[in-house]
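Written out below as structure tokens is the structure these notes cover.
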Amino acid sequence: MDSGAWLGQLKNWWSGLPRGKKSALLVLLLSVVLAAIFAWQSFAQAQYATLFAGLEPRDAAAVVEKLKEMKVPYQLAGEGGTILVPKEKVYEVRLQLAGAGMLPGSGLGFELFDQRKLGMTDFERRLNYQRALQEELRRTIVALDEVEDARVHLVLPEPSVFLQEQLPPSASIALKLKPLASLKPQQVKGIMQLVAGSVEGLKPENIHIIDMHGNVLSEGLAETGELVSSKVQQTQQELRRSFEKDLEQRIQAMLNKIFGPGQAVVMVTADLNFERQEIRRTEYGREGAVRSEQVITETGTGTPGALGPVGDLNREVPGYATIAPAQTNYNKSNITRNYELNQTQTHIITAPGEVRRISTAVVVNGPLDAQREQQIRQIVSASVGYQPARGDQIAVMSMAFDRSYLERVNAEMATAEAERQRREQLRQYITWGIMGLSTLLVLIVFLVFLLRRRRAPVPAAVPVGPLPVEQLVTEPVISEEVRREEVQRKEKQDRAREIVRQRPEEAAQLIKAWLSEE
């Protein structure tokens, strides 16, 4: 079929339609177009994903300029610090930006020396070396899991021919840690050693490290002894707090079952002895003990020799007669005993972590009588191993808790939740309203079209053969009642157009009124 003939038939069909049907078809066509636009925006729109987030304004401007050159569509969010691109192009665009050296926060390291520049002065060469070294150190520091970003500033004095005038180099490092991340002292010490080993003549005490909150992380870590002492103290504090927390949890669990959650508070303070003691002790008894004993016994028979001068027993005294003595028996014994005092040696080694004293405080919400207080004291005494000899203390008090802050926080959270639910319901109601209104409008137009088609008069049969001349010339006579109905219909249409233009929300109600009249 010829397109011109098809358009002619369509035009004739359109001109032959009544004005009401034309309006209904236009409204139906507009509803279909709006529904199609809404569906396209909801389902066919391209999904965007985050390319970079938390950018500085300078870095964001450079990335946006590069995206414009690459003709990549983008969106800005987060006050310009977040850049979104189509989801399927995120990795491709990121690789292209990395190849062009446009990654945020990145700079050129020793790549600066890949491009040779003629006529470079000594100052420019030293400056490029400093820039390259700073970037290389930054890349290495950022490789740590806890570090999100870093800035390295080196001060490299110019060399001097006089040793006394030579100034030492120094370094300053600013770290941006990841959320809820922290660096241990040994990690900060490692960063200091890394920078000191990368810069000639740089000493660890000339390196200063801070975080984005202004906290000095390198304070007291320049000397090895201080680092070890700090590590030992930190370990001791962790052990003490772990011991206290364990006791608090045990007591709190019992009090929660007695008084209910949030009705009692427990705080435990422990004094632990982390000194390692070695005691050597020797004790002597009052009575001695026989160490050794020697007994010599001699038994025999013999005659004692004549008396004589001293030194010669066989020599007789001159002038005296010699008298022979009689035979005799003799018995001789000699006992030698060596005594030594008894002693006891004791070697005691005390392990670190001995409990010196435990102080416990318990606060109960509301009044507390003496009997109940004594019961709580006994429970706590048994839980912590109360020993009065070492100076342990237990304090039990009754006091009204201040819950105004908690109530205010709960009220704010409830208000925020109610507001969120209200917005969510409003969004759902709007969506349902739009969909229901569109459906109702289409249904009303369809019903109007169907009813008018049923009420259209059936044309009479056309007689075959020539008609009389009077019938061809005479105009059809329109009665007054038909003319009045036509005028009323036109007035209703004019009023409907005016109402639709001024008050679109009442259009549906007016259409319902028409249907009821008809």
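The values are calculated or read from the model by the stated rules, or taken from the named source; none is laboratory data. These figures come from a predicted structure and were not determined experimentally. Every residue, glycine as well, gets a Cβ built from its backbone with ideal geometry; the counts of neighbours run over all protein chains shown. The protein model used for the area step is the full one, side chains on, heavy atoms only, and it has no ligands, DNA or RNA in it. Shrake-Rupley method; radii C 1.70, N 1.55, O 1.52, S 1.80 Å.
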* Structure fact -> For segment 82-96 the number of residues that are β-branched (Val, Ile, Thr) and either more than 9 Å from Leu51 (Cβ to Cβ) or not in a helix (DSSP H, G or I) (or both) is 3
* Members of segment 376-393 found to be open to solvent by less than 80 Å² (accessible area, probe 1.4 Å) and not β-branched (Val, Ile, Thr), listed by number -> Arg377, Ser381, Ser383, Gly385, Arg390, Gly391, Asp392
* Of everything in segment 139-157 that's over 17 Å from Asn206 (Cβ atoms) and assigned to a loop (DSSP other than H, G, I, E, B), which residue is modelled with the lowest pLDDT? -> Ala143
* Selection from segment 344-373 of residues that are in a helix (DSSP H, G or I) and surrounded by 11 or more Cβ atoms within 10 Å (Cβ to Cβ) -> Arg372, Glu373
* Asked: How many residues are within 26 Å of the chain's Cα centre (by Cα) and hydroxyl-bearing (Ser, Thr, Tyr) when one looks only at segment 399-414?
  -> 1
* Structure fact -> Residue pairs qualifying under the 7 Å Cβ cut-off, at least six apart or on distinct chains, with the first in segment 236-257 being farther than 16 Å from Gln375 by Cα and the second being of a type outside the set (Lys, Arg) and open to solvent by 60 Å² or more (accessible area, probe 1.4 Å), are Glu244/Thr269; Glu248/Met267
* Is there a residue in segment 326-343 that is open to solvent by 90 Å² or more (accessible area, probe 1.4 Å), outside any strand (DSSP E or B) and modelled with pLDDT under 80? -> yes
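Where residues in segment 145-155 are open to solvent by less than 60 Å² (accessible area, probe 1.4 Å) and of a type in the set (A, V, I, L, M), which of them is nearest to Gln130 (Cα to Cα)? Let's see the steps before the verdict.
Initially, segment 145-155 is screened for residues open to solvent by less than 60 Å² (accessible area, probe 1.4 Å), giving 146-147, 149-150, 152, 154.
Cutting the leftovers down to of a type in the set (A, V, I, L, M) gives us 147, 150, 152, 154.
Details: Val147: 22, Ala150: 16, Val152: 10, Leu154: 7 Å.
Within segment 145-155, the match that is nearest to Gln130 (Cα to Cα) is Leu154.
Take Arg240 and tell me if it is more than 30 Å from Ile376 (Cα to Cα) and either modelled with pLDDT under 75 or basic (Lys, Arg) (or both).
No.
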* Residue check: is Thr50 polar (S, T, N, Q) and open to solvent by 60 Å² or more (accessible area, probe 1.4 Å)? -> yes
* **segment 206-224: number of residues that are outside any loop (DSSP other than H, G, I, E, B) and modelled with pLDDT under 85** => 1
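With the structure loaded, tell me whether Lys66 is among the charged types (D, E, K, R) and touching a helix residue (DSSP H, G or I) at 6+ places or on another chain (Cβ under 9 Å) or whether it fails that test.
yes
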* Structure fact -> Per the filter on segment 33-45, residues surrounded by fewer than 12 Cβ atoms within 10 Å (Cβ to Cβ) and at pLDDT 70 or above are Val33, Ala36, Ile37
* Structure fact -> Taking segment 63-96 and keeping only residues that are open to solvent by 80 Å² or more (accessible area, probe 1.4 Å) and among the aromatic types (Phe, Trp, Tyr), one is left with Tyr91
* To do: Taking the options Val363, Val396, name whichever one is touching a residue at least 40 places away in the same chain (Cβ under 8 Å) and under 22 Å from Asp246 (Cα atoms).
  => Val363
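Tell me which residues, restricted to segment 47-63, are closer than 14 Å to Val90 by Cα, among the aliphatic types (A, V, I, L, M) and more than 26 Å from the chain's Cα centre (by Cα). First the steps, then the outcome.
Of all residues in segment 47-63, those closer than 14 Å to Val90 by Cα come to 47-53, 63.
Still in the list and also among the aliphatic types (A, V, I, L, M): 49, 51, 53, 63.
Selection gives Val63 alone.
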* Asked: Going by the structure shown, is Arg377 in a helix (DSSP H, G or I) and more than 30 Å from Glu248 (Cα to Cα)?
  -> no
* Asked: Which residues, counting only those in segment 158-196, are assigned to a loop (DSSP other than H, G, I, E, B), over 16 Å from Asp211 (Cα atoms), open to solvent by 40 Å² or more (accessible area, probe 1.4 Å) and in contact (Cβ under 8 Å) with a residue 12 or more places away in the chain?
  -> Glu158, Pro168
